[in-house]
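Taking it in order: structure first as structure tokens, then the write-up.
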Amino acid sequence: MMTIAIFACVVVLGTALWRVVRDTRAGSVAVTIAALCYCIVLMLAAMRLHGYLPAVDDRLTNNALGYIKNYLGDNLQVLLSAVIVVVNAFVACAIWWRMPLRWFVAAVVAGFLLLGCAMSLFNSTSPLVSLFGTCCAFMAAVGYALGLTYKEFCVIGNNYVQAGLVAASALWLAVESWQVVKRQPSFASWLAAALSSLLVCAYGKLFWVICTAYPLPLERAFDMCVDDLYGLAATWQTTYYHVNIIVYVIAFVAAISCNVVAVWSLRRSWGRWPAVALMVAHLVAVAAVAASWPHVTMILA
């Protein structure tokens, strides 16, 4: 496992460095930095796994990591090694071929979702429950590599990082919208700029509310968030597992996808009104989720 992790890091990082040497634009520099962070996390995980660094010994972390181990058993080491080889080969090829970032991210997300659902073939659970378990195992694994407990990394990754990424994509959309106004002012472009600015404000406010609703320490914030998710499950008449998938997978991917598609649409002369329609639907969805979330509605009130 350690040898494969080292080889994978060398291949990915070497390819990223080759790209930045040939192309020093911001995109290539960002790819190299991302590859470096990825390799650091992978190496930290391998070193903790083999006892070279202290590892977190936490019940929830072990339970989340054991979700996959329980039904893969002795095949876990082989399958993990195979996944690392396949993923890193894909990453290296994507960097070498200079695959557009949006297609790369779409491929990674689609692959993860398919893998998570396919894990149901190894047990008697439904694909959605299996996807939930795979997401938990992924969060626990990254937290394990960074020396964080499952609870701590879930709060950081799900509440802060995901909300920040969606807000960043909304900001990108707003910047693109105002650039369109400068190039080709029209009623549709002005409306798109206004809606995108409103979207940025909405996500900025939502991010502040999340930070306020779930204060430190992280483990307390995790417990409060779990209580809210159970409350949402009761409100939406579904299960805790499904609420997690809806909020942290489907809604997260849909929000960023809407913003990316809106940017793509704005760059086309025929796409102003479709972008406006997407932004209106996005704002309505944000309002609906915020109105259903217990701690969010309490703070907003």
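The values are calculated or read from the model by the stated rules, or taken from the named source; none is laboratory data. Given the structure is predicted, the values throughout are model-derived calculations rather than measurements. Note that we place each Cβ from the backbone using ideal geometry, even for glycine, and neighbour counts take in every protein chain shown.
Points worth noting:
- Checking Arg267 against (1) among the charged types (D, E, K, R); (2) more than 22 Å from His282 (Cα to Cα); (3) in contact (Cβ under 8 Å) with a residue 24 or more places away in the chain, the condition it does not meet: (2)
- Restricting the first member to the range 272-288 and to residues that are within 15 Å of Val261 (Cα to Cα) and not assigned by TED's automatic domain parsing to the domain that holds Pro185, and the second to residues that are modelled with pLDDT of 90 or more and of a type in the set (Val, Ile, Thr), no beta-carbon pair is closer than 6 Å while six or more apart or on different chains.
- Which numbered condition Asn259 fails, given (1) in contact (Cβ under 8 Å) with a residue 60 or more places away in the chain; (2) farther than 24 Å from Trp178 by Cα: (2)
- Residue in the range 281-295 that is surrounded by fewer than 14 Cβ atoms within 10 Å (Cβ to Cβ) and farther than 27 Å from Trp172 by Cβ present: no
Residues are listed down the side, and each one gets a yes or a no for (1) surrounded by 14 or more Cβ atoms within 10 Å (Cβ to Cβ); (2) touching a Ser or Thr at 6+ places or on another chain (Cβ under 8 Å); (3) part of a helix (DSSP H, G or I):
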site	(1), (2), (3)
Arg19	yes, yes, yes
Thr24	no, no, no
Val29	yes, no, yes
Thr32	yes, no, yes
Leu36	yes, no, yes
Arg48	yes, no, yes
Ala55	yes, no, no
Asn62	yes, no, yes
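- Test: residue in the range 87-110 that is of a type in the set (Val, Ile, Thr), more than 17 Å from Val249 (Cβ to Cβ) and surrounded by fewer than 20 Cβ atoms within 10 Å (Cβ to Cβ): yes
- Whenever a residue of the range 40-60 is farther than 16 Å from Ile6 by Cα, its partners that are at pLDDT below 80 and in a helix (DSSP H, G or I), lying with C-beta atoms within less than 8 angstrom and at least six residues away or across chains, give the pairs Ala55/Leu49.
- Filter pass, Leu206 being at pLDDT below 85 and not in a helix (DSSP H, G or I): no
- A count restricted to the range 101-145 and to residues that are out of contact with any Ser or Thr (no Cβ under 8 Å at 6 or more places or on another chain) and not in a helix (DSSP H, G or I) stands at 2.
- Answer residue from the range 223-244, given it is of a type in the set (Ser, Thr, Tyr) and without any contact (Cβ under 8 Å) to a residue 24 or more places away in the chain and is farthest from Leu113 (Cα to Cα) among those: Tyr230
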